[in-house]
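Contents: one structure, followed by commentary.
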């Protein structure tokens, strides 16, 4: 499932998923400082363990993950899935931004972009089914439920985004969201995401997203919203308000 921000501030992609302060400045290619001296920067491979920890914490009680990932050893499985996506897809084939002072990773956003074609086999690797465990069939059905609503033209995809629980309410979700929006604006591309939380819908609407489809995951699974932010001209107001 593509990008979202549940109360724990996290969402995942298809093995592919209030109150936000504007970050100061306009350039997102390097470090950017926001409130409380928290830096937003592109992630590196050295950040992977901390990224996985942050996203595992953010997704702890997220409805989509509870539906698609086995209950046994759930947190370890979620952490491994997030690590897989960030390490195998986000860093080599997309973009990843992190936020946190003094080298910490307190917030993460992971994207795929039109610039790179992600090898299809990365989404069907046997280890993914192993990590989903006895919910692998449900994970596949859930992905198929939202797949028809994904863009057929080039778009940025917000794949996963999360904020550590102890750092919520400080604007970190918006801080790691804006760099991707700004890059998409520079390229003149729309941005797409999926979420299984109605509160996330309100959050994303503040950044220019609108609901383009809704669906229920089969057999009693969560309700999902598909959202798109149209391409817009780049500029200081182009990445949300």
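The values are calculated or read from the model by the stated rules, or taken from the named source; none is laboratory data. Everything numeric in this text was worked out from a predicted model, so none of it was measured. Neighbour counts run over all protein chains shown; Cβ positions are idealised from the backbone, glycine included.
Quick one: which of 98, 5, 78 is at pLDDT 95 or above, in contact with a strand residue (DSSP E or B) (Cβ under 7 Å, 6 or more places away or on another chain) and crowded, with 21+ Cβ neighbours inside 10 Å? After applying the criteria, what remains is 98. Quick check on residue 118: is it crowded, with 24+ Cβ neighbours inside 10 Å and either out of contact with any helix residue (DSSP H, G or I) (no Cβ under 6 Å at 6 or more places or on another chain) or over 20 Å from residue 225 (Cβ atoms) (or both)? Considered against the rule, which asks whether it is crowded, with 24+ Cβ neighbours inside 10 Å and either out of contact with any helix residue (DSSP H, G or I) (no Cβ under 6 Å at 6 or more places or on another chain) or over 20 Å from residue 225 (Cβ atoms) (or both), residue 118 comes out as no. For region 58-70, the tally of residues that are touching a strand residue (DSSP E or B) at 6+ places or on another chain (Cβ under 9 Å) and crowded, with 21+ Cβ neighbours inside 10 Å stands at 5.
Check region 146-161 and report whether any residue there is under 16 Å from the mean Cα position of the chain (by Cα), within 15 Å of residue 229 (Cβ to Cβ) and not in a strand (DSSP E or B). Within region 146-161 (the criterion being under 16 Å from the mean Cα position of the chain (by Cα), within 15 Å of residue 229 (Cβ to Cβ) and not in a strand (DSSP E or B)), the answer is yes, since at least one residue qualifies.
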